[in-house]
1. By a straight-distance test (C-alpha under 16 Å), which aspartates and glutamates pair with K353 as possible cross-link partners, with residues fewer than eight away in the same chain excluded?
2. Find the relative contact order for region 25-216 and round it to a whole percent, using C-alpha pairs within less than 8 Å whose residues are 6+ positions apart.
3. Can you give the helix-only mean residue ellipticity at 222 nm for the chain, where every DSSP H stretch with n ≥ 4 adds -39500 (n - 2.57) and the sum goes over all residues, rounded to the nearest 500 deg cm²/dmol?
4. Taking every pair of Cα atoms in region 296-365, average 1/r, invert it to obtain the Kirkwood radius, and report Rg/Rh to two decimals.
5. Antiparallel as a % of all DSSP beta bridges within the chain, to the nearest 5?
6. For helix 205-216, report the angle its Cα long axis makes with the longest principal axis of the Cα atoms of the chain; keep it between 0 and 90° and round to the nearest 10°.
7. So what are the three principal axis dimensions of region 25-216 from its Cα atoms, in whole Å, longest to shortest?
8. Within straight cross-link reach of K82, meaning Cα distance under 19 Å, which aspartates and glutamates are found once same-chain residues fewer than 8 apart are removed?
Amino acid sequence: MDVIMLTWVIMCLFLRPLDTQNPAPEGVLNCCEGDVLFLVDSSGSVSTYEHSRILSFLSELLLPFSLGEDQVRVGLLQVGTKPRLEFGFDKHKTQSGLQRDLKNTQPIRGDTNTVEALKMAKDWVLRPGGTGGARAGLPRVLVWLTDGINPGDVIKPMADLRDEGVAVLVVSTGHSNYLVLRQVVTEPVDDHLHFVDIDDMSIIANDLRNAIIEIIRAERINVRDISTNSATLQWRPVLSGLQGYYDIRFGQVPSEGAGGGGGGGSGTSPSTGGSSYQRLTESADSSSTRLTDLKPDTTYTATLTPESNEQRFNMLSVTFTTKPEVLSPSMVSVSESGQTSVQVSWGPLQPDKVTSYIIEYSALPRGHLHTVTVGRTHNSTLLRDLLPDTTYLVTVTARYASGKEKAMSVKACTQEVTPALSDLQLTTVGSDSVEVNWKGSVDGLRGYWVTWEAQQSSDPGQRSSLYLPPETLSTRLSHLPPSARVCVSPIYRTARGDGLCCTAQFHSDAQRYGYQS
């Protein structure tokens with residue numbers, strides 16, 4: 001009988017589940033960066049047994065996290081008559097030290113002076129930038145573990161912390177003061193407020209851990225400077241100061257229904273969907289690497305595994321898509337325009353892929369089609385012998401060595417012909433008037449612009465102008481100052497043509513004289 005009993009005891013010991021045997025939850029190691037302060041009620045209302053269960057719960061909750069300056073930092077502040085900081089954020093960089101301190105933490109006893117503890121947390125522990133305080137620019141979390149009995153006037157102190165950006169989570173091992181506790185937590189309440197019996201705290205470990213992770217999750221790996229055939233993989237240097245290296249693998253994401261990749265690459269990996277992948281290694285102090293020889297418009301998965309014998313890290317992964325290949329021409333423009341010519345440019349220049357460029361142009365709406373062919377190293381050409389004041393449709397087509405063609409069109413307008421004034425005559429009439437006569441082209445003419453301006457220093461800035469219709473070829477100007485300069489310019493639809501100017505000279509006898517430039 002004794003043997004049977006002994007055997008039963010031994011079997012119970014082996015079959016009993018141990019918290020330390022539970023594997024770390026997926027994705028917790030190396031996931032996060034932030035400062036988490038645990039506010040633990042260890043006053044007289046909490047028994048020694050309950051206090052030990054709370055510490056065991058914290059041990060289970062925190063065990064999967066990676067600790068350190070660039071990752072998660074943990075502090076423990078106990079509530080009693082005189083609150084006590086058991087350890088601050090700058091103490092623990094390894095799980096072994098943290099677990100040892102949690103195991104050896106003793107309760108304070110006395111009154112539940114939560115308000116004083118919150119003041120200490122706000123003014124010292126959770127204040128960014130101070131010695132031993134929280135890190136500036138990173139998430140801060142306060143997790144309050146209480147039995148819910150006589151919490152004190154905590155609503156305003158908790159609100160002050162939230163106003164300063166601290167996320168507040170609460171675990172209550174009692175079932176009282178629900179209305180107070182729900183007011184102090186950060187939204188959403190359902191995720192951040194937990195009521196649980198002291199012996200069942202393990203039930204909420206995953207939910208509470210996930211809530212913390214959601215707040216302090218760090219982007220440990222990202223992709224930047226993505227082009228058609230390359231991308232830069234960037235990560236936080238978690239191995240800095242450690243012995244080790246980064247193992248980087250990247251490969252195409254296989255399309256649905258495609259089988260796993262085989263030879264031809266550097267290997268196959270489940271992390272890249274079983275497809276062919278390339279592998280790189282970078283030193284422990286590296287924080288980025290350039291991925292090259294990628295295909296355009298293709299989705300890739302890259303994985304980063306920090307390898308070190310000193311500390312364990314999760315493999316991280318990221319998926320990105322390269323940019324589509326920019327085929328020439330993706331831009332066609334008119335850089336210069338004359339009356340009978342236009343300069344057409346295009347890009348990008350791709351002489352390694354394009355065999356030639358064909359430029360087709362015709363006057364709109366139904367002009368004759370003209371064609372010009374230029375070599376693959378050219379990205380512009382001058383189109384000549386065009387009609388003035390005409391809109392052309394210009395199409396640039398690239399012929400690729402692969403047989404593909406790509407075309408892009410642009411409208412180009414030649415400039416209007418604007419003939420200059422051919423003759424200008426002034427005839428003085430009396431002492432202050434002149435008769436102005438000129439000759440000009442009628443085709444396309446919209447009118448004439450006539451101006452006069454005083455030339456003597458005694459009349460600075462004296463000036464006048466008028467517009468005349470195109471059929472007018474003369475006008476009389478009166479009340480002119482001595483030596484007034486008179487100018488006539490033809491006006492066309494798009495521009496003003498070159499005009500002529502004469503200076504009116506008044507003499508006792510009327511005199512006719514020609515233009516002066």
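1. Reachable aspartates and glutamates: E325, E405.
2. Details: 372 pairs, mean separation 45.9, N = 192.
About 24 percent, as a whole number.
3. After summing the helix terms and dividing by residue count, I get -4500 deg cm²/dmol.
4. Reported Rg/Rh (Cα atoms, Kirkwood Rh): 1.38.
5. On the way: 102 of 128 bridges.
If I count the DSSP bridges inside the chain, around 80 percent turn out antiparallel.
6. Tilt relative to the chain: about 30 degrees.
7. Largest first, region 25-216 extends 38, 33, 31 Å along its Cα principal axes.
8. Candidates past the 8-residue exclusion: D41, D111, E116, D123, D147, D153.
Since every read-out is calculated from the coordinates, none of them should be taken as a lab result. What you are looking at is a predicted structure, and each value in this text was computed from that prediction instead of being measured. Reconstructed Cβ throughout: ideal geometry from the backbone, glycine too, with neighbour counts over all protein chains shown.
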